[in-house]
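Visitor: Here it is, the structure in full.
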Amino acid sequence: MLAAALRFEMGYHFRQITFRVAALLFLILGIIMPFGNFGGDEIHRNAPHVTNFIICLLSLFTIFVSTLACAAVVLRDSQHRMEALIFTTSMGRLPYFTVRLTGLLTTVFAIICLATLGTMMVTFMAPADRLGPFHWSYYLAPLLTFGLPGVVFCCSIVYATALLTGNARLVYTAGVLIFIIYFTASILGNSPVMAGSVPSPGGPGWFSVLIDPFGLTAFFGETMNWPPLRRNQELFPLTPMFIANRLLWTAISFALLGLAYSRFKFRVLLEKENKTSRAQQAEMANAIPYRVIGHRIHGQSYYRLAFWRILRLETRTLFGPVITTLIFALWVFFNAVELFENLSNGPYGVRSYATSGILTEQLTAVRPALLLIIFYASELIHREKTTGMQPLIFSTPLSMTVFATAKCVALISWIAALITVHIAVGVAVQWFSGFATFEWNAYFSLYYYAGLPLVLYAGLILFVQTAVRNKYLGMLVSGLAVGLVIFGRKFGLESCLARFATAPRLRYSDFHGFSHSGGSFGWYMLYWTLIALSLAAAATRLWPGNARERRRAPIREGHPHAWRAGAFIGICLLLAIGTGFYIQYQTGHSAQNRTGAADAEWQARYERKYKPLESQPQPVVTAVDLHTDLFPDDHYYTVKGSMKVKNNSEKPITRLYIGIDPDIEMLKLNPQHALPESVDKTFGQHWYRPDKPLAPGQEMTIHFALRADRSAFKTFNSENAVVKNGTYIELEKYLPHFGYRSAYEIEDPEQRRQNGLPARKSLISTDRQYHFIQFQNTISTEAGQQAVTVGTLVKSWKQAGRTYFHYRSKEPIPYMFALSSARYAVKTEHYKGTTFRIYHHPEHSQNVPVILLAMKDATDYGNANFGAYPRRELTLAEIPHYPGSATAYPGLIFSQERANFRSNFSDGTGFNFTYATTAHETAHQWWAGQVAAPAGLGDALLTESLAKYTEAVVTEKRLGKMYLRPYHVKDSQLYFAYRSAFGEKERPLWQTTEQPFVHYQKGGLALFRLKEVLGETRLNQALRELVTKHGYPLQKPDADDLMDALKHGANAAQVQLIDDLFKKVIVFDNAIKILSNKQLPNNKQLLTVEIDVRKTDETSGKPVLLQPGDDIDIAVYNQDIMPYTGLQKPIYLQRHHFSKSRSVIRIVVPRGPVTVMLDPLSYMLDVSDRNNVAVLK
């Protein structure tokens, strides 16, 4: 009997349409997902890491599969009123419990197995060069260690909920709560699953791993530093933390099932019926006699009254249950935790001020609410059918349209309540953070920016669930529709016009609020509102009661309501089409307004067509004279001007290839003594032939005029943004350029392969000349705004309601001349012959003193160690949006608002990222401003790496060496995290290119380590020599010149270290262990420690274990060490030489040691910094 019952149960599950759709979906996902990005081009499509990643991720989504399967099948007896019949059969409680549970587990596990089968298909679909060997273990191991435990966990919760409550709504709620609680725990545990998480030293700790029921934290934490070779060959190891995680959650799952079995009453239905029967008899004894009540069933007043009563009933249904209060409470907790985490876990552990604007921008992300809307929409639509009231409702004279409208309004009121709670969370977080200046307009705008898209999504979900009659299939299809919209760009749906209720990303700034992105948001929302209205009208006609009436009515009678609905739908769609055409017209068709595949296709065509011209000689710019007019309110600018160019080649130039960025409209282009030949508008290319060939050394002048429209409809470009307050334009990128532009090439290797392009080659340019220019620019902007650009401000004046600023460089500068314009306050200080100016938002003065201090400190250090600063002034201007934290120009720094001016260092405990960033950008006045390498391999070593070194040393001089530990720890974490994400073979530092983690994080740490070995004085002498021999106007140096300067006077061990740091890829995995602690006379203690030095060479891509021969610091502290704060002065600090993998050393320290650290400043590029700390027990 048990076998027959199990066969029936499995058959019932497999016949469900929801199972078939879910199975097909997971199979398709299994086939598609291996073609995603799992860490770079060198990762095999069928690598064990890829399979494990996919199964890990899909196991998380079995929450929803198990929820739907449980609600649809496990609770079918109560839903179909069959409990009395089932409970009178010979089947006992244990067989019933076992059969239902086994059916649920088998069904959900079968779906995850289908996904695994789909991943196997990549073996037959991917190119042979992207595949590794096939092993069954690559699929079975992750299925058993991640897939099966995840399925058991999800099923145990929803199954226990179903048996103990018998309520499908509570089953849905349990599924949603698992999802919300999981991500809340991930935030609290700083799980690598979260996109904004900061890697912990040595990977996630026990707490983070143990609270993750799906094991994703353990997986990502363990594999995030794996090189491609390990990802292609190794299965996930069964570490002690991971085994403990699996045992813990398996035990919890079985405990839940045991609880459910012990509390499940197999005859509870009879008891309920008896109680109900007795209550009904008691009520009938006191029944009130019938009385006549007058009524009206026609007219507008009747419909209004019915609408309000239905609305009140539906609203009570939505807000009444205790579970709704619980969901809102969890929503508050989830968002509060996320907001606090986002405020306190910025780059390098930086905390942000809890301003209304920052919080509001974060609160616009409300997509998790879509899960709740799917659940509540299903309850609203199917409630009458579930409760058996549908025949009674259909028998009333009230139109079903009234019912549908009232339910929709009730759902909208629920969304409004959710946004209200959302706003309250932001206000509370701001108040608890001690920032009591509330910008209520920003908070209330969330009803528009966050609430309106949710309402539109609700319209789509209601349409889907009315069109799909099956309740559970409707929920599944709704989830698929929402998922397709959210992840549409992964499937080629790039345009916001193709992704429902989507608009360009909202960006908030204290300079202009949401005003820039908000302009296009309104039009996109109008477009989607019209479509949503048409869907709502169609949903109303498809509403169960209306559909029934249409089937019963003869066709010949006609349907006036249907004609009106059809006309309404048609009008909405026509208006939507018109709105879409308007948006598309305003967006334009330039390459930079395309994204993803379309942009890549444009880039590929450009490279194929113009790459052959790369070697053709073209003139170089020697002088630029501009007149720039900014129109912030209208979001555009114009530039008129001229540039002098010179033929620096050894051959005459017979043809000019002049290009212009596709985002720019060329109004005039007039090269002196040259005639136009042809124009390629697709790529912005113009050909001119000089009247006479431009001889070597000869100059000519080119006059031009251009216009750039940067309206809110254009794809936002933070380097070319014209906004009402806070314009920023890197103008040198948008003026006419000569010859082939390699910046247009596709960099991603996979995209190059897909577009039929060969691998990109990075070569060192043979041009070692500095091409500096004379520069001047007259900028006009709106009254009240200050324009800032490179050079010295010669004069400013007002004319015709506009303000003009004339800037001119007193000496030649690199071809770099960005500008900004905003309503600035200015801080000016004259210091040691240099004028320092900071232009900032009037309310952003908190960090101005530390920024000014960093500018002065870095200038002092550069003057003393590298050479004189060549200008009389250094200016810094705040800008609203920039992809990095700051950028440097000759005599000018542009600093991002959020990263540097809204960072909160008031408590003095964290690392002052703003100080370090400003010192870094000031250092670029030497490293890029005076010395730069030829373009190509290793060029960033002489700019970014040297600026990182200067940043660290300046910070050390101001705040102390031990203050640098959290800074170096973060750089090391980022290095390992980014190189793991790139997944490509890492280039050595001297050949760094297109791998920022090498020349930023690794470069800074390597040079600081070299400083510790060579000594600061010797290293700076080498850098001064580099400036003296290779600074402007001499020839540019390359990485070899830098290494030669560093090796000058070095001993053999130091030369070997320089080669290791610059020419190899070497990482460490060191560890320290305290063996004994012995008391000595004179208040001394003898510590015996064991040191493991594991040194690995990964230059070839295959790890090779090396014999160590390195000097490493050991420090002893008389206190515990906090992870992200600077260290106090140690009671012992000594450098020791290690020539063996394992060493035991004895050190004598003052009494009272607490912590012993290996490499206390964390500059050794150690995979697991956690193992470098030992605490005395």
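Since every read-out is calculated from the coordinates, none of them should be taken as a lab result. None of the values given here were measured: they were computed from a predicted structure. Methodologically, a virtual Cβ is constructed for each residue, glycine included, from the backbone with ideal geometry; neighbour enumeration extends over all protein chains shown.
Visitor: Per DSSP helix of 4 or more residues, -39500 (n - 2.57); summed, then divided by the residues of the chain. What does that give at 222 nm, rounded to the nearest 500? Intermediate values should be presented prior to the final figure.
Guide: Numbers: 38 runs with 540 residues, N = 1177.
My calculation for the chain gives -15000 deg cm²/dmol from helical runs alone.
Visitor: Separate question: Compute the relative contact order of the stretch 300-549 as a whole-number percentage, counting only Cα pairs closer than 8 Å that sit 6 or more residues apart in sequence.
Guide: 26
Visitor: Next question, about the same structure. Roughly speaking, what % of Cα-Cα pairs in the stretch 631-787 are separated by over 21 Å, rounded to a whole number?
Guide: Here the tail beyond 21 Å accounts for 58 percent of pairs.
Visitor: What are the ³J(HN,Hα) couplings of the stretch 1072-1085, residue after residue, when phi is run through the Karplus curve with 6.51, -1.76, 1.60 and θ = phi - 60°? Round to Hz, x for glycine and proline.
Guide: 10, 9, 8, 8, 7, 9, 10, 6, 10, x, 6, 6, 10, 9
Visitor: Once Rh for the stretch 300-549 is found with the Kirkwood sum over Cα pairs, what is the Stokes-Einstein diffusion coefficient at 10 °C and 1.306 mPa s, in µm²/s?
Guide: It diffuses with D of about 81 µm²/s by this estimate.
Visitor: In whole percent, what relative contact order does the stretch 1016-1141 give with Cα contacts below 8 Å and a gap of six or more residues? Let's see the in-between values first.
Guide: Values: 150 pairs, mean separation 20.1, N = 126.
The value is 16 percent.
Visitor: Need one number: convex hull volume per residue for the stretch 892-1032, Cα atoms only, in Å³. If you can, show how the numbers build up before the last one.
Guide: Details: hull volume 17.7 nm³, N = 141.
Dividing the Cα hull volume of the stretch 892-1032 by its residues yields 126 Å³.
Visitor: Now for a different question. Hey, got the dipole for the stretch 300-549? About the Cα centre, +1 on K and R Cβ, -1 on D and E Cβ, debye to the nearest 20?
Guide: It comes to approximately 700 debye.
Visitor: Under 16 Å between alpha carbons: how many lysine pairs meet that in the stretch 1065-1177, if sequence neighbours fewer than 8 apart on the same chain are excluded?
Guide: So the count works out to 4.
Visitor: Shifting gears a bit: What are the equivalent ellipsoid semi-axes of the stretch 438-479, built from the alpha-carbon gyration tensor (square roots of five times its eigenvalues), in whole angstrom, biggest first?
Guide: Its equivalent ellipsoid spans semi-axes of 32, 8, 5 Å.
Visitor: With a Förster radius of 25 Å, plug the Cβ-Cβ distance of ALA825 and ALA365 into 1/(1 + (r/R0)^6) and report the FRET value to the nearest 0.05.
Guide: Working from the Cβ atoms, E equals 0.20.
Visitor: Still on this model: Sort 1092-1100, 1052-1060, 25-33 by the packing proxy (mean of other Cβ within 10 Å over each peptide's residues), most packed first.
Guide: 25-33, 1092-1100, 1052-1060
Visitor: Right, another one. Based only on the alpha carbon positions, what is the Kirkwood hydrodynamic radius of the stretch 1065-1177, in angstrom? Intermediate values should be presented prior to the final figure.
Guide: Working: mean 1/r = 0.0680 Å⁻¹.
Across the stretch 1065-1177, the inverse of the average 1/r is 14.7 Å.
Visitor: Under unit Cβ charges (Lys, Arg +1; Asp, Glu -1), what dipole magnitude, rounded to 20 debye, does the chain have relative to its Cα centre?
Guide: With only Lys, Arg, Asp and Glu charged at Cβ, the dipole is about 3180 debye.
Visitor: With only Lys, Arg, Asp and Glu charged, each at its Cβ (+1 for the first two, -1 for the last two), find how big the charge dipole of the stretch 1055-1152 is about the Cα centre; round to the nearest 20 debye.
Guide: Approximately 400 debye in magnitude.
Visitor: Select from ALA22, ILE764, PRO133 the residue farthest towards the positive end of the dipole of the chain; place +1 on Cβ of Lys and Arg, -1 on Cβ of Asp and Glu, and compute about the Cα centre.
Guide: My answer, from the dipole projection, is ALA22.
Visitor: Quick one: which residues, 5+ away or cross-chain, put their amide H under 5 Å from the amide H of ARG987? H built at 1.01 Å from N.
Guide: none
Visitor: Applying a 10 Å radius around every beta-carbon, put 417-424, 658-665 in order of their mean neighbour count, most first.
Guide: 658-665, 417-424
Visitor: Compute the distance in nm between two label points, each set 7 Å from the Cα along the Cα-to-Cβ direction, one at LYS1177 and one at ASP1044.
Guide: Distance between label points: 5.7 nm.
Visitor: Give the calculated FRET efficiency between ASP1097 and TRP687 to the nearest 0.05, with a Förster radius of 45 Å applied to their Cβ-Cβ distance.
Guide: Here the calculated transfer efficiency is 0.30.
Visitor: On a full-extension model of 0.36 nm per residue, what is the gain between PHE444 and GLU1012, subtracting their alpha-carbon distance, rounded to one decimal in nm?
Guide: Once the chain is fully extended between PHE444 and GLU1012, it gains 199.1 nm.
Visitor: In what sequence, highest mean first, do 150-161, 693-704 appear when ranked by Cβ atoms within 10 angstrom? Mind dumping the intermediate values first?
Guide: Details: 150-161: 25.9, 693-704: 15.9.
Ranking, from highest mean packing down: 150-161, 693-704.
Visitor: If you don't mind, another one. Report, in whole Å, the centroid distance computed from the Cα atoms of the stretch 719-766 and the stretch 448-495.
Guide: A separation of 36 Å, based on Cα centres.
Visitor: Do any of LYS1036/LYS1064; LYS609/LYS646; LYS827/LYS970; LYS668/LYS714; LYS609/LYS948 go past 29 Å between their Cα atoms, and which?
Guide: LYS827/LYS970; LYS609/LYS948, as the Cα separations exceed 29 Å there.
Visitor: Separate question: Treating the Cα atoms of the chain as identical point scatterers in vacuum, please give the log10 of the normalised Debye intensity I(q)/I(0) at q = 0.06, 0.07 Å⁻¹, two decimals.
Guide: Each listed q corresponds, in turn, to -0.60, -0.81.
Visitor: Considering Cα pairs under 8 angstrom that are at least six residues apart, work out the relative contact order of the chain and quote it in whole percent.
Guide: 8
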